[in-house]
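This report refers to the structure that appears directly beneath it.
Computed from the coordinates by the stated procedures, all read-outs in this text should not be read as laboratory data. None of the values given here were measured: they were computed from a predicted structure. Positions of Cβ are backbone-derived with ideal geometry, glycine not excepted, and every protein chain shown enters the neighbour counts.
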Amino acid sequence: MSNQGAKKRKQKNDEIIKRLQILLASSNLLYILYRIIYHSDSFGGWKWFTFILMCILNGVSYFLLSAMTRVSYNQSGELIDGGSELSGGFCEYYFDIIYICSGVQILGLLSDKFLWILLIIPGFATYKIWTSFIAPWIFAAPEEQPVEDEKARKKREKLEKKQEKPKVRYVR
């Protein structure tokens, strides 16, 4: 009873991973059967490149999601941790990549023009990097020097003069 949350999370993660497996297998199988086998005469270099790119993106995203759902057991075989929660953070981006690639594969059966939808992924990544890291760093306002009043200035000058004096030690 103490690990009910971990058990529920493990079951939920298993269901999500199973749905992703079905989605990836069905979209890849449809694409391979229709585009590569049935229309092999029109399947050229660009289409091979996008198919391999989609397989790599799907594989990496799926691997990272499945790595997050790994469970851990203690020595007696009891469930300790049911894996990470697959909501929020980078998990959402991994799901988005899988859904975009699978959608492009299915829409790619209708027309090759749908392969251009894949440009959403690097476009969004560039946007997030720009707005989160680069733009704030470039356009950050310079730090203002604190304005010191007359009393603080005199105290600082006095301290600087005291530090400039040679320190002599007299020994008898």
Which net charge results when you count Lys and Arg as +1 and Asp and Glu as -1 among the other residues whose beta-carbon is under 13 Å from that of Lys154?
+2
Cα gyration tensor of the stretch 50-93, axes a ≥ b ≥ c as square roots of the eigenvalues: rounded (a/c below 1.5), prolate (a/b > b/c) or oblate?
oblate
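Do the sum for the chain: with -39,500 (n - 2.57) for every DSSP H run of n ≥ 4, divided by all residues, what is the mean residue ellipticity at 222 nm, to the nearest 500 deg cm²/dmol? Mind showing how you got there, number by number?
Numbers: 6 runs with 99 residues, N = 172.
Per the formula, -19000 deg cm²/dmol.
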Show the residues, 5+ positions off or on another chain, whose built amide H is closer than 5 Å to the amide H of Thr69.
Ser84
Within straight cross-link reach of Lys165, meaning Cα distance under 25 Å, which lysines are found once same-chain residues fewer than 8 apart are removed?
Lys151, Lys154, Lys155
Along the stretch 105-118, Karplus-curve 3J(HN,Hα) (6.51, -1.76, 1.60; θ = phi - 60°) to the nearest Hz, with x for Gly and Pro, reads 5, 6, 5, x, 5, 7, 7, 6, 5, 5, 5, 5, 4, 4
Tell me which of Tyr93, Leu119, Leu33 sits at the most positive position along the dipole axis of the stretch 4-122, charges placed on C-beta atoms (Lys, Arg +1; Asp, Glu -1).
Leu33
